[in-house]
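Worksheet for the structure shown next.
No lab work stands behind these numbers, since they all come straight from the coordinates. Please read all numbers here as calculations on a predicted model, not as lab measurements. Heads up, the Cβs are rebuilt from the backbone with ideal geometry, glycines too, and the neighbour counts pull from every protein chain shown.
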Amino acid sequence: MSIQLSRRTLLGGLVGSAVSLTLSPGALAQFGPAQGVISLTSNENPYGPSAGALKAAAAATAKSAYYPGAISRDLTQLIADRHRLKTENIVLSSGSNEALCAAAMGWAKRGSIVTAALTYDLHLGFAARIGADVVRMPLNSDMSINLEAIAAAVDNSASLVYICNPNNPTGMTIDGDVLRDFCRTVSRHTTVIVDEAYNELTADPDYTSMVDLVREGENVIVMRTFSKLYGMAGLRVGYGMGRPDLVARVRNHITSWPNVVGLAAAHASYNDDDFIGFSTGKIAQGRRIVIDAFKRQGIEPLPTQTNFVFADIGRDVDAFGARMRERNVRVHRAYPGYETYMRVSMGKLDELEVFSELFNELFSA
C-alpha cells in the first residue's frame with residue numbers, strides 16, 4: 001500500500017476543501033464498497049464526513065502518536081453546552097455501540113433487560129452472551145414499539161429498558177410526549193436507555209429527544225452517535241448523556257475509547273450547520289426516491305424519519321436481495337421473523353436511482 005503524505009497534503013483539500021491523500025488503487029479498494037458496487041446496507045451517510053472533519057482528522061493523524069487529551073474534554077464540553085448539561089453528564093465512547101455494551105455490562109448483572117422484539121440489538125446479543133436475560137416484547141400490529149407491553153414486563157427483576165427511537169430497522173418514530181410519559185413512569189422502577197442514533201434526522205429533533213429528562217435528573221440515559229448524520233461510521237465516536245451516577249456506571253464499564261482522529265473529526269463537524277443541512281437535505285431526497293420505487297409497485301413502506309426505508313415487499317428478501325447483488329446493488333439481509341421486509345439505506349442520489357430502476361425491473365419480471 002502506498003500512502004504519500006506531506007504537510008501540504010495533510011492541510012490541503014479533498015472533497016472541496018478537506019484532505020488530499022494519494023492512495024494506490026489497491027489501498028482505495030480497502031475502504032467502503034468495492035468499485036462498481038452500490039451498498040445500501042448499513043445506514044451510513046455516504047456524503048460525510050464534512051470537509052472540516054476531514055481536515056481536522058488529517059491534522060490529528062499527524063499527532064496520533066499521542067493519546068487523546070484536550071480534544072476529549074473539548075468535545076465533551078461542546079456536547080454539554082448544546083444540551084444545557086454539565087460535562088459530568090456526558091460519556092464519550094468508541095461509537096454508541098460501545099457505550100450500549102458498557103451499559104449492558106453495568107446493568108445486566110443486576111437484572112433483566114426489557115426491549116422490543118424487533119430493534120437494534122448488537123449490544124443486546126452481547127448482553128445475552130454475558131448471561132443477561134433479554135426480554136423482548138412483540139411490536140404492535142402496525143410495527144410500532146409496544147410501550148404498554150414493555151412497561152407491563154418491567155417487574156422487580158428488570159434492571160434496564162432499552163428503546164431505540166427512531167427504531168431500527170423499522171424507521172418509525174415514537175411521539176415525543178408519549179415516549180416522555182413512558183420514560184417518566186418506567187424510570188421510577190428501572191433505568192431507561194433511549195438510543196437516539198437517528199434523532200438528528202427527525203422532523204423535530206428537540207421534541208423527539210429525551211435529553212430534557214436528563215436535564216431533569218430522571219433515571220434515563222440518552223445515547224447518540226456520529227456514525228449516521230455526521231458520516232463517521234468508520235471513525236467510531238459516540239456518546240451518552242445521563243445523570244452523573246448513571247454516566248459513571250457506563251464509563252466504568254467502557255473498554256474501548258474513541259481515537260484521536262475520530263474525536264478531532266467529531267469536534268470539527270458537531271456544529272457545522274452547513275454540512276448538517278446539506279446531509280439532511282440529501283437524505284430526505286434519497287428517502288423520496290426509495291419510497292417512490294416501492295409505491296410504484298403498490299408497496300407501502302413504513303413511515304420513516306431516518307436514513308433508511310423499511311417495507312414489506314411480499315417476497316423473500318434474501319432471495320430477492322441475491323438477485324440484486326448479482327447486479328452489484330446490496331440491501332440489508334432479512335430480519336428473523338420478518339423475512340419479507342426489506343431495509344434500504346440511503347446511498348448517494350445517483351445510486352438510489354440505480355436501485356429504483358433495478359428494483360422495478362426485478363420486481364416486475
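Brief remarks on what is shown
- Result for the chain in a Gaussian network model with C-alpha springs under 10 Å: among LEU213, LEU122, LEU160, the largest mean-square fluctuation is at LEU122.
- Percent of beta bridges antiparallel (DSSP, the range 70-269, rounded to nearest 5): 35 percent
- Dipole of the range 263-343, positive direction: furthest Cα of PHE275, GLY298, HIS332, with charges on the beta-carbon: GLY298
- Dipole check for the chain: with +1 at the C-beta of Lys and Arg, -1 at the C-beta of Asp and Glu, and the Cα centre as origin, the magnitude is about 1160 Debye.
- From the alpha carbon centroid of the range 122-139 to that of the range 225-257 is 20 Å.
- Against the empirical 2.2 N^0.38 Å (N residues), the chain has a Cα radius of gyration ratio of 1.00.
- Taking 0.36 nm per residue of sequence separation and removing the Cα-Cα distance, the ASP155/ASN252 pair yields an extension gain of 32.3 nm.
- Whole-number percent relative contact order across the range 274-364, with pairs defined as alpha carbons under 8 Å at least 6 apart: 32 percent
- Comparing ASP204, ASP318, ASP142 in a Gaussian network model of the chain where C-alpha atoms under 10 Å apart are linked, the largest mean-square fluctuation is found at ASP142.
- Mean residue ellipticity at 222 nm, helices only, the chain: -12000 deg cm²/dmol; runs of at least 4 DSSP H residues each add -39,500 (n - 2.57), and the sum is divided by the number of residues.
- Considering only ALA203, THR76, HIS123, the residue lying farthest towards the positive end of the dipole of the chain is THR76, judged by Cα position with unit charges set on Cβ.
- Taking 7 Å steps out from each Cα toward its Cβ at SER64 and TYR335 produces label points 3.4 nm apart.
- Among the listed pairs LYS63/LYS348; LYS295/LYS348; LYS55/LYS282, those with a Cα-Cα distance over 26 Å are LYS63/LYS348.
- Electrostatic tally near THR119: other residues with Cβ closer than 14 Å to its Cβ, Lys and Arg +1, Asp and Glu -1, net -1.
- Sequence-separation-based contact order of the range 70-269, relative, with Cα cut under 8 Å and 6+ spacing, percent: 29 percent
- Protection proxy ranking of 224-235, 182-193, 78-89 - average other beta-carbon atoms within 10 Å, highest first: 224-235, 182-193, 78-89
- Between the beta carbons of ILE130 and ARG288, assuming R0 = 35 Å, the FRET efficiency works out to 0.25 to the nearest 0.05.
- Other residues lying with their Cβ under 14 Å from the Cβ of ALA99 contribute a combined charge of +1, Lys and Arg counting +1, Asp and Glu -1.
- When the chain is treated as a Gaussian network with alpha carbon springs shorter than 10 Å, the biggest mean-square fluctuation among MET342, MET210, MET324 belongs to MET324.
- Using C-alpha pairs under 8 Å with a sequence gap of at least 6, the mean separation divided by the residue count of the chain gives a relative contact order of 22 percent.
- Rounded to the nearest 20, the size of the Cβ-charge dipole of the range 211-252 about its Cα centre is 260 debye, with Lys and Arg at +1 and Asp and Glu at -1.
- Here LYS86 and LYS348 are evaluated by their C-beta separation; at R0 = 30 Å the FRET efficiency comes out at 0.15.
- DSSP finds beta bridges in the chain, and of those with both partners inside it, around 45 percent are antiparallel.
- Reachable lysines, given that their alpha-carbon falls under 29 Å from the alpha-carbon of LYS109 and they are not under 8 places away in the same chain: LYS86
- Lys, Arg +1 and Asp, Glu -1 on Cβ, resulting dipole of the range 70-269 about Cα centre, debye, nearest 20: 720 debye
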